[in-house]
Amino acid sequence: MTPRSFLLTPELAEYVRASSDPVDPVMADLIRETAEMAARGEVPGTMQIAPEQGVLMRLLTTAVGARTAIEIGTFTGFSALCIAQGLPEDGSLLCLDRSEEWTAVARRHWERAGVAGRIELRIGDALPSLRALPAEEAFDLAFVDADKTGYAAYVAELHPRVRRGGVVLLDNTLRSGRVLDPQDESDRALAELNAALAADPRWETALLPLADGLTLLRKR
């Protein structure tokens, strides 16, 4: 099953996709393979971003003129593929993830799409890997789609590492609407982070009702 926004009916989701740039054949194959893995119980069925979100992320990467990007939480690689396609040929994307198994799927599709040379994958816990990077403005764009309780720490560590005017994207910031009535620690963490970011003068913030909620941060 293709991921879609919890706010959309299946019919509206199809209309949104039909009214946007389509995913290419490699992207479509990756979406299908991930869905098949989820059907077999090999991966969680809710971790794949929606196709229309990937198209937007590719567009944003190009629109902000990003040359260097970082992703925290890669899964089977669809979001990284979208970002990498939005980068120039000499651009670079650093991916941080814990799973060798899931990112092996990603590597195959990056190779097929011809963007593997733009992507560096580091396996291990993301927060120590992020903290090990120089605290200097190295990235034009960042995407976070990892453990939700870690988002506040990721944003704090990304701030000195993203250039002024750079963009940070945070996935799942609506939690299927549960930010209004948090049910668990992850819900509470994102509800608190959403409130904190809206009041943080260091960031220009917009929470979009796309997919499961996508927050755009622009470093002032």
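The values are calculated or read from the model by the stated rules, or taken from the named source; none is laboratory data. Just so we're clear, the structure is a prediction, and the values are computed from it rather than from any experiment. Ideal geometry is used to build each Cβ from the backbone, glycine not excepted, and the neighbour counts take in all protein chains shown. Calculation scope for accessible area: heavy atoms of the full protein, side chains included, ligands and nucleic acids excluded. Shrake-Rupley method; radii C 1.70, N 1.55, O 1.52, S 1.80 Å.
Before we move on, is T62 touching a helix residue (DSSP H, G or I) at 6+ places or on another chain (Cβ under 8 Å) and over 25 Å from S176 (Cβ atoms)?
Answer is yes for this residue.
Got a sec? Which of V26, V43 is outside any loop (DSSP other than H, G, I, E, B) and open to solvent by less than 30 Å² (accessible area, probe 1.4 Å)?
Values: V43 fails: outside any loop (DSSP other than H, G, I, E, B).
When all the criteria are applied, what remains is V26.
Return the residues of the stretch 19-75 that are charged (D, E, K, R) and touching a residue at least 60 places away in the same chain (Cβ under 8 Å); say none if nothing qualifies. So that I can check it myself, show each step before the final result.
To start, the set of residues in the stretch 19-75 that are charged (D, E, K, R) comprises 21, 24, 29, 32-33, 36, 40, 42, 52, 58, 67, 71.
D24, D29, E33, E52, R67, E71 - these are the residues of the stretch 19-75 that are charged (D, E, K, R) and touching a residue at least 60 places away in the same chain (Cβ under 8 Å).
Check L133, L59 and return the single one that is among the hydrophobic types (A, V, I, L, M, F, W, C) and open to solvent by less than 50 Å² (accessible area, probe 1.4 Å).
L133
I need the full set of residues from the stretch 181-190 which are open to solvent by 30 Å² or more (accessible area, probe 1.4 Å) and not polar (S, T, N, Q), in order please.
Correct list: D181, P182, D184, E185, R188.
For the stretch 7-23, enumerate the residues that are over 26 Å from T103 (Cα atoms) and open to solvent by 60 Å² or more (accessible area, probe 1.4 Å).
L7, T9, P10, E11, L12, E14, Y15, A18, S19
Of the residues T68, T62, T76, which single one is modelled with pLDDT of 95 or more, touching a strand residue (DSSP E or B) at 6+ places or on another chain (Cβ under 6 Å) and more than 19 Å from T173 (Cα to Cα)?
Result: T68 is the single residue among T68, T62, T76 that is modelled with pLDDT of 95 or more, touching a strand residue (DSSP E or B) at 6+ places or on another chain (Cβ under 6 Å) and more than 19 Å from T173 (Cα to Cα).
If you go through the stretch 85-120, how many residues are touching a residue at least 12 places away in the same chain (Cβ under 8 Å) and closer than 24 Å to G65 by Cβ?
Narrowing the stretch 85-120 to residues touching a residue at least 12 places away in the same chain (Cβ under 8 Å): 85-100, 102-103, 105-107, 109-110, 112-113, 115, 118-120.
Now restrict to residues that are closer than 24 Å to G65 by Cβ: 85-96, 110, 113, 115, 118-120.
Result for the stretch 85-120: 18.
Taking the condition surrounded by 15 or more Cβ atoms within 10 Å (Cβ to Cβ) and either closer than 27 Å to V162 by Cβ or among the basic types (K, R) (or both), does G65 pass?
No: the conditions fail for G65.
Answer yes or no as to whether L158 is under 21 Å from A63 (Cβ atoms), touching a residue at least 24 places away in the same chain (Cβ under 8 Å) and either open to solvent by 20 Å² or more (accessible area, probe 1.4 Å) or assigned to a strand (DSSP E or B) (or both).
For L158, the condition - under 21 Å from A63 (Cβ atoms), touching a residue at least 24 places away in the same chain (Cβ under 8 Å) and either open to solvent by 20 Å² or more (accessible area, probe 1.4 Å) or assigned to a strand (DSSP E or B) (or both) - is not met.
Among L121, L93, which is of a type in the set (A, V, I, L, M, F, W, C), open to solvent by less than 10 Å² (accessible area, probe 1.4 Å) and under 20 Å from M47 (Cβ atoms)?
On the way: L121 fails: open to solvent by less than 10 Å² (accessible area, probe 1.4 Å).
Sole residue among the options that is of a type in the set (A, V, I, L, M, F, W, C), open to solvent by less than 10 Å² (accessible area, probe 1.4 Å) and under 20 Å from M47 (Cβ atoms): L93.
Any idea which of (1) out of contact with any Gly (no Cβ under 7 Å at 6 or more places or on another chain); (2) on the phi < 0 side of the Ramachandran plot is the one G177 doesn't satisfy?
(2)
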